[in-house]
């Protein structure tokens, strides 16, 4: 038995979210504040014994923030867990058929378990009696509602409804906009109340391992110490006859400690000093110094401490002496052992939920640990920020959380894909490329030159990094973009993905003419073949991205290197001539070729240089000379704008301020006073982007900030 779906409606930062899970290991990926912890809280409310009482303590702060102010009133919080592949054992079938199962012929394979936090019956009755469209009456009822007096927690099972469907929510809860509320609820769809004597949490093994924050403190806290938990479990299994010899030894040891001459002398000295101070009348009637080593099995075991030696060290120290990573690894190990002990009981299913386990743990350990974290009969769900852990995850077992205004969205990246397509994606998602699952926007490039130079150009030109913009630039190292780009789709990940590739248009006339040497013919044929392949690639990508607003391809007219020079960046390439060539006469010729306005000349030369050094090394050399005056080719600029999606006024203002400062440093004669005033007004929302653009055009009309702002208008 495993959890196949978790539906959350109006809970915490989830307005309406659906998580899909498979057997085995499942991964939750999401930025900070996207709701990973809230998802786990929801699951724990239904499946963890120690958390179930919190289900009866929900309040207005547990409603989703889209229900602002008092607009939560009258609405429901719905948490629904669906189980799949329920075994045919008599005991579990009895539980689910009479409790939460969807029964067919007295046998269930799927079952639902639901928590409703809803208005009490009297409020629901009054709402159902309202006339359609009676907003005044509705507001009158809602104004009276308080959590403490008018809300209840209700558990149901046997539901068949899709609670993520807005139409189902209206049928169950009501239509607030049109003021229509149900007088009865169809229990065959929405579930029947679960009898108090039935509890799923008591029939399954559920262990939650919280995020590793300060495990050293946890080891010192009796409530959170995982070693203490293990020892408590084991102390109850020790037979009295096995422990009796140890108990006798402890009693004897206490007596020997108490009988030491120094101990008895100190006792006598304390007693006589008190008598001398206050006299016999007010002195204690008796006084002893006793050894308090416990002789009970559970207490003596609890006094044990864990001592660990770091790898390749002979010294054993306490937990507090370990590195953060070492302490975290030991804590995680003990929690996993606690889970193993717990799941050894006779339970219907085993669930292990782990929150962000990677803190301070080395990358190699992360990969190894979670590559081996597979208990066969256990469903594991964990959240992570680590690309190392997500690399060893199966795409079909990943849920991605995206933070939006007042709510979060959930994406399943494998949704609608065939096993072959999923396999293609997983082959590409190594530890570096897995970044695209965490990003707010993605740019896919085909080679090392783009991977190395584009981030540098953006940082130098605009003063912000791609990381600050939330964009991951991923090197596919080929033109096989479709393998990864298919992730970004209405059915899968709702994030913008820009593909950057070369159109490979001919940089020269490829017509073979009389008198062309064999070498020239070969060169022209190569250029022509590249042009044809570029057109074929464009046709394929045009079809691939059709009707998909999350995906768009941007093309260099020729190639990245040629378009870089075409944008007016010949100076940067000229700066590395000395590092590529040694002959002074050749250097002079090459400089003239790069400064030529004929693409056939400068294009051939820059491609020759890149080929001579290797594109990666050529880009490293070139990167040393990229500066704020380096102009970003327009197709790259378009890709960045697309991938980012929305640009806040603060982001735009930071970029403009950076360009102003750089231009001031380069030319002290420039007067930016009106630009700075317009920028200040823009920051405060007192002026438009058009006004700011007008002022900048007056002062620096040819600056690339003008191009950027025009595209953002």
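A short reminder: the numbers here are calculations on the coordinates, not readings from a lab. Here the structure is a predicted model, which is why all the values come from computation and not from measurement. Cβ coordinates were reconstructed from backbone atoms using ideal geometry, including for glycine residues, and neighbour counts include every protein chain displayed.
Figures for the structure shown
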| quantity | calculated |
| --- | --- |
| Label point distance in nm, residue 597-residue 247, each placed 7 Å from Cα along Cα→Cβ | 10.2 nm |
| Ranked 411, 558, 490, criterion: other C-beta atoms within 10 Å, fewest first | 490, 411, 558 |
| Cα-projected label distance for residue 667 with residue 187, points at 7 Å along beta-carbon direction, nm | 8.1 nm |
| Relative contact order for region 437-511, counting Cα pairs under 8 Å that sit 6 or more residues apart, in percent | 43 percent |
| Full-stretch length increase - residue 648, residue 621 - with 0.36 nm per residue and alpha-carbon distance subtracted | 6.3 nm |
| Region 423-472 and region 1-33: distance between their alpha carbon centers, rounded to Å | 27 Å |
| Region 110-170 versus region 507-521: alpha-carbon centroid distance in Å | 78 Å |
| Global form of region 510-651, assessed from the alpha-carbon gyration tensor, a/c cut-off 1.5 | oblate |
| Neighbour-count order for 180, 536, fewest beta carbons within 10 angstrom listed first | 536, 180 |
| Distance between modelled label sites at residue 547 and residue 255, nm, 7 Å Cα→Cβ extension | 9.0 nm |
| Cα gyration tensor shape for region 109-170, rounded if a/c is under 1.5, else prolate or oblate | oblate |
| Exposure proxy order (Cβ contacts within 10 Å, fewest to most) of 601, 81, 660 | 601, 660, 81 |
| Rounded FRET efficiency, nearest 0.05, which uses the C-beta distance separating residue 435 from residue 516 and R0 of 60 Å | 0.80 |
| Region 526-622: relative contact order in percent, alpha carbon pairs under 8 Å with at least 6 residues between | 23 percent |
| Whole-number percent relative contact order across region 647-712, with pairs defined as alpha carbons under 8 Å at least 6 apart | 30 percent |
| FRET efficiency, 1/(1 + (r/R0)^6) with R0 51 Å, evaluated for residue 468 and residue 273 via beta carbons | 0.10 |
| Extension gain from residue 690 to residue 532, taking 0.36 nm per residue of separation minus the Cα-Cα distance | 52.7 nm |
| Three-way shape label, region 647-712, alpha-carbon gyration tensor, a/c 1.5 | prolate |
| Inter-centroid distance (Cα atoms) of region 246-298 relative to region 633-649, Å | 79 Å |
| Two-site FRET efficiency, residue 292 against residue 120, from Cβ-Cβ distance with R₀ of 56 Å, rounded to 0.05 | 0.55 |
